[in-house]
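Okay, so here's the structure we're looking at.
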Amino acid sequence: MVSLQGPRIVSGMDINGASAIVTGGASGIGAASCRLLAAKGAKVVVADVQEEKGRELADEIGGAFCKVDVTNTDDIINAVEMAKSMGPLRVLVNSAGIGWAQRTVGKGGYDAAADLDAFKKVIAINLVGTFDCIRIAATAMSTNEPLEYGERGAIVNIASVAAFDGQIGQASYSASKGGVVGMTLPVARDLAAIGVRVNTVAPGLIDTPIYGHGEGSEAFKANLQKGVLFPQRLGDPAELASMVIECVTNSYMNAETIRVDGGIRMPPK
């Protein structure tokens with residue numbers, strides 16, 4: 001017998017009135033994510049080292065700013081405690097990160113080889129910092145009252161297509177982002193026991209302030225976008241934030257890495 005009832009409406013994880021932390025939240029994809037989370041009713045902690053931009057955004061969206069260096073565990077705990085004071089912490093978006101370009105071998109002997117300290121710094125911020133934020137925030141989430149599907153929270157990491165298509169000079173950056181992709185499944189498996197989902201979004205070429213401003217910058221971006229399959233342009237931070245919010249609110253989205261890149265496959269250089 002065929003049922004005449006329509007499809008069941010699944011509302012997803014409700015974040016209205018909950019708190020959220022966005023690291024690297026003062027600019028780019030992080031800032032766009034802050035705005036969309038606030039539009040969904042979340043109380044957002046903008047966690048960043050950029051104080052002026054961070055405070056401006058927090059004021060704009062009715063959230064709070066916390067100065068956070070993700071290589072400092074105490075800073076992360078401060079952000080988590082601030083978020084808990086605003087509402088149950090149910091969302092973490094790990095958007096803090098840096099880039100670094102250098103070839104592995106230079107000209108001029110051992111001293112011209114890649115700067116090992118620079119390599120370690122990128123790993124420390126992009127990979128270790130991401131994991132530290134996860135372990136601290138998830139510990140706080142574990143004490144939340146569960147929602148409809150037993151959910152206590154959702155975590156979204158921002159990686160990069162460099163995790164898969166690393167270009168010349170991107171060894172440290174690709175290694176750090178590849179590590180974020182690689183730990184997504186095991187961490188999601190770990191946190192399933194406490195009802196916390198974990199996903200990763202891997203952006204392609206996104207139009208953020210990293211490319212600068214002015215005529216030279218526009219020419220540079222016009223050249224970059226030639227490699228995008230379709231639509232042939234750089235992505236907008238809001239398009240990435242939209243996927244972040246989907247990963248947060250879609251209760252069946254877990255343990256996955258999603259490329260949001262217009263179909264680009266990065267060439268060697």
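The values are calculated or read from the model by the stated rules, or taken from the named source; none is laboratory data. Remember, it's a predicted structure, so these values are computed and weren't measured experimentally. Virtual Cβ from ideal backbone geometry, glycine too; neighbours counted across all protein chains shown.
Table: residues versus (1) within 23 Å of GLY178 (Cβ to Cβ); (2) buried (at least 20 other Cβ atoms within 10 Å of the Cβ); (3) under 16 Å from the mean Cα position of the chain (by Cα); (4) hydrophobic (A, V, I, L, M, F, W, C).
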| position | (1), (2), (3), (4) |
| --- | --- |
| SER217 | no, no, no, no |
| ASP236 | no, no, yes, no |
| CYS247 | yes, yes, yes, yes |
| TYR252 | no, no, no, no |
| GLY263 | yes, no, no, no |
| PRO268 | yes, no, no, no |
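Being assigned to a helix (DSSP H, G or I) and more than 15 Å from the chain's Cα centre (by Cα): is that true of ALA140 here? So ALA140 fits the description; yes.
Filtering region 185-214 to residues that are assigned to a helix (DSSP H, G or I) and either surrounded by 22 or more Cβ atoms within 10 Å (Cβ to Cβ) or on the phi > 0 side of the Ramachandran plot (or both) leaves VAL187, LEU191. Consider SER85 carefully, then state whether it is closer than 22 Å to MET13 by Cβ and surrounded by fewer than 21 Cβ atoms within 10 Å (Cβ to Cβ). Yes: the conditions hold for SER85. For first residues located in region 90-109 and touching a residue at least 40 places away in the same chain (Cβ under 8 Å) and under 12 Å from ASP48 (Cβ atoms), partners that are in a loop (DSSP other than H, G, I, E, B) and not aliphatic (A, V, I, L, M) and lie 6+ apart or on another chain with Cβ distances below 6 Å form the pairs SER95/GLY24; ALA96/GLY24. Only one of (1) farther than 25 Å from VAL180 by Cα; (2) at pLDDT below 95; (3) part of a loop (DSSP other than H, G, I, E, B) fails for GLN225. Which number is that? In the conditions (1) farther than 25 Å from VAL180 by Cα; (2) at pLDDT below 95; (3) part of a loop (DSSP other than H, G, I, E, B), GLN225 misses (3) alone. I'd like the residue in region 62-77 that is without any contact (Cβ under 8 Å) to a residue 60 or more places away in the chain and in contact with a strand residue (DSSP E or B) (Cβ under 6 Å, 6 or more places away or on another chain) and, out of all such residues, is nearest to THR184 (Cα to Cα). Across region 62-77, the extreme among qualifying residues is VAL68. Which one is nearest to THR71 (Cα to Cα), of the residues in region 98-150 that are of a type in the set (Gly, Ala, Ser) and touching a Lys or Arg at 6+ places or on another chain (Cβ under 8 Å)? Taking the candidates together, the pick is ALA140.
Of all residues in region 198-227, those satisfying the criterion of being without any contact (Cβ under 8 Å) to a residue 12 or more places away in the chain and not hydroxyl-bearing (Ser, Thr, Tyr) are GLY212, HIS213, GLY214, GLU215, GLY216, GLU218, ALA219, PHE220, ALA222, ASN223, LYS226. In region 14-33, the qualifying residues are those that are of a type in the set (A, V, I, L, M, F, W, C) and touching a residue at least 40 places away in the same chain (Cβ under 8 Å), and the one that is nearest to ILE98 (Cα to Cα) is ILE29.
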